[in-house]
Each structure stands twice: as structure tokens, then as C-alpha cells.
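The values are calculated or read from the model by the stated rules, or taken from the named source; none is laboratory data. From a predicted model like this one, the values you see are computed outputs, not experimental measurements. Positions of Cβ are generated from backbone atoms using ideal geometry, with glycine treated the same way; all protein chains shown enter the neighbour counts.
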Amino acid sequence: MAMKRYKPEQIVNLLREIEVEIANGKTTSLACKEAEITVQTSYRWRKEYGGLKLDQAKRLKELERENAKLKRLVAKLSLEKEILKDVAGGNF
């Protein structure tokens, strides 16, 4: 079965639909099955996107991408700094 990637807006909408179905008396597993996701996925999404609105979910993902980019940059610069220290100290 192919994995489908959902955008944050789609996730928030699916979570709302599942909540409505549960409020109408369906079980969590049945509501998730109709939304074509697993129960584990719904719990994971609810943990991450629980009370967020669409714009907040978009912003969260943007900040996560920016944070990952900055972490890679810091790691690269730290490595370069260590290399320069070793070369300057003659420990190569």
C-alpha cells in the first residue's frame, strides 16, 4: 500500500471530521477507517496538531523546516571550525 503524504491543512480537516464522527456515536476505529487512516496515525496527529487551526499548522511546519535547516548549518560550521583548529594547531 502506497503512503500518502498529507499537508497540515488536510490533517487538521481530517481530525475535525473524525471528531465529528466520534461525537455522532461512531467508534474511533470506524471513523479512522472512513477517513482512510489508521488509528495510530490519528492519535499521532492529534498529539501533534490537536488544537491547532489551519494557519497555525502551516506555520508549525514552516518553523520545523527552518529549524532543521539551521541545525544542519550549525553542524556544518562547527565541523569547519574544528577542522580549522586542528590545522592551526598542527594536529593533522
### Query
Got a sec? Which helices (runs of 4 or more DSSP H) wholly within segment 1-69 have at least 3 residues that are β-branched (V, I, T) and in contact with a helix residue (DSSP H, G or I) (Cβ under 8 Å, 6 or more places away or on another chain)?
8-23
### Message
Out of the residues in segment 9-41 meeting the condition of being surrounded by 15 or more Cβ atoms within 10 Å (Cβ to Cβ) and among the small types (G, A, S), tell me which one is farthest from Q56 (Cα to Cα).
### Response
A31
### Message
Among the numbered criteria (1) at pLDDT below 95; (2) among the charged types (D, E, K, R); (3) within 19 Å of the chain's Cα centre (by Cα), which one does E34 miss?
### Response
(3)
